[in-house]
Amino acid sequence: MTTTIRSVTWNLLLLTFGAAVYSGGVNTIVLGQGLMSGGVSGVALLCYYLTGLFGPGLLYFLCNVPLMILGWRSLSRRFILYTLFGMGMVSLCMQYLPQRTLIPDPLLAAIFGGAVMGAGSGIMLRSLGSAGGTDILAIWLNQKYDLRIGQLNFFFNLAVFAAGLAFYAPTLVLYSVILSYTNAKVMDYFLSLFNQRKMVFIISDKADVIAHDIIHSLKRGATFLHGAGAYTGKSKRVILTITNTVQIKRLEELVFDHDPTAFFVVENTFNVLGEGFARRKVY
């Protein structure tokens with residue numbers, strides 16, 4: 001029970017803090033320049049600019065209602081409840097945080113506004129929920145019709161910016177494209193920042209002793225993969241292990257202390273799920 005309470009509390013804190021960061025970027029940087037973002041928030045901002053009614057937070061909430069109903073019927077209850085909370089926090093923060101123009105230059109506003117929004121989105125997606133928006137529709141279409149999530153987001157954003165061209169100068173829409181691109185890149189960075197690992201392949205004739213030290217000295221797991229030399233035909237046991245950037249140098253020294261002729265191959269991994277690493281998010 002205590003573990004469950006801690007998990008719920010941690011997820012709610014991530015969603016609340018991420019919502020405040022995301023909405024702060026919108027209200028203090030983006031709105032003052034009349035910029036749009038992609039996704040449902042872009043639709044809400046476009047409607048707000050055109051009508052001036054209700055406020056951006058309430059419009060964001062209204063745009064999300066049909067998507068939340070769709071998600072409630074097709075996705076996991078836990079994911080939807082967390083997402084409902086995250087969407088509500090974004091709506092409240094966008095509605096009630098003060099609106100300012102901290103960055104008067106539109107290009108700098110697009111870059112830094114997108115960075116702040118991306119950071120907020122990335123923090124929220126580190127939880128077991130999200131801020132709502134097109135992610136729910138994309139997941140539903142992917143499960144039902146095998147439509148790629150990236151395809152839906154691309155065409156949805158294309159439609160939003162095309163609608164913006166009908167009402168605003170092309171330069172402003174291009175600034176908005178820069179904002180959305182920065183948003184996406186920074187969000188990806190925040191998603192990988194806390195879970196990026198190094199996948200290491202080690203080929204050595206001393207695989208047994210190296211694997212033993214990895215397990216007992218570095219406190220990391222190791223797996224033997226069976227292979228053979230293409231030239232010699234000699235059987236080899238290849239060690240596969242996952243570590244972080246802090247331990248990678250220690251692992252390298254451990255391997256070459258045992259076998260100076262070993263092969264040591266390192267690959268970056270975006271996400272690692274499993275015991276001792278991250279948990280899978282159930283949609």
For the chain, with the dipole built from +1 on Lys and Arg beta-carbon atoms and -1 on Asp and Glu ones, taken about the Cα centre, which of M87, A44, F161 lies farthest toward the positive end?
M87
Hey, got the Cα dimensions of region 197-269 along the principal axes, in Å, largest first?
36, 24, 19
Give, rounded to the nearest 20 debye, the magnitude of the charge dipole that the chain has about its Cα centre when Lys and Arg contribute +1 at Cβ and Asp and Glu contribute -1 at Cβ.
620
Rounded to two decimals, the Rg over Rh value of the chain from Cα coordinates and the Kirkwood Rh reads 1.10
Report, ordered by chain and residue number, the lysines lying within cross-link reach of K219, taken as a straight Cα distance under 17 Å and ignoring same-chain residues fewer than 8 apart.
K198, K249
Once you put a point 7 Å from the Cα of V238 and another 7 Å from the Cα of L50, both along the Cβ direction, what distance in nm separates them?
5.5
Where the only charges are on Cβ atoms (+1 Lys, Arg; -1 Asp, Glu), what is the dipole of region 132-252 about its Cα centre, to the nearest 20 debye?
440
With point charges of +1 on the Cβ of Lys and Arg and -1 on the Cβ of Asp and Glu, referenced to the Cα centre of region 2-193, which listed residue (A110, T171, I69) lies farthest in the positive direction of the dipole?
I69
What FRET efficiency, computed as 1/(1 + (r/R0)^6) with R0 = 25 Å and r the Cβ-Cβ distance, is obtained for V209 and N268, rounded to the nearest 0.05?
0.40
FRET efficiency for F224 and K185, using Cβ-Cβ distance with R0 set to 30 Å, rounded to 0.05
0.20
When the charge dipole of region 197-269 is computed with +1 at the Cβ of Lys and Arg and -1 at the Cβ of Asp and Glu, the Cα pointing farthest to the positive end, of T269, L251, A211, is that of T269
Provide, for q = 0.14, 0.23, 0.24 Å⁻¹, the log10 of I(q)/I(0) from a solvent-free Debye sum over equal Cα point scatterers in region 153-255.
-0.67, -1.14, -1.19
Counting only C-alpha contacts under 8 Å and six or more residues apart, can you give the relative contact order of region 2-193 as a whole percent?
35
Which of H258, H212 has the fewest other C-beta atoms within 10 Å, and how do the rest follow up to the most?
H212, H258
Between V8 and F201, what is the label-to-label distance in nm when each label sits 7 Å out along the Cα-to-Cβ direction?
4.6
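The numbers here are math on the coordinates, done by the rules we state, and not lab data. Please read these numbers as outputs of a predicted model, since none were measured by experiment. Every residue, glycine as well, gets a Cβ built from its backbone with ideal geometry; the counts of neighbours run over all protein chains shown.
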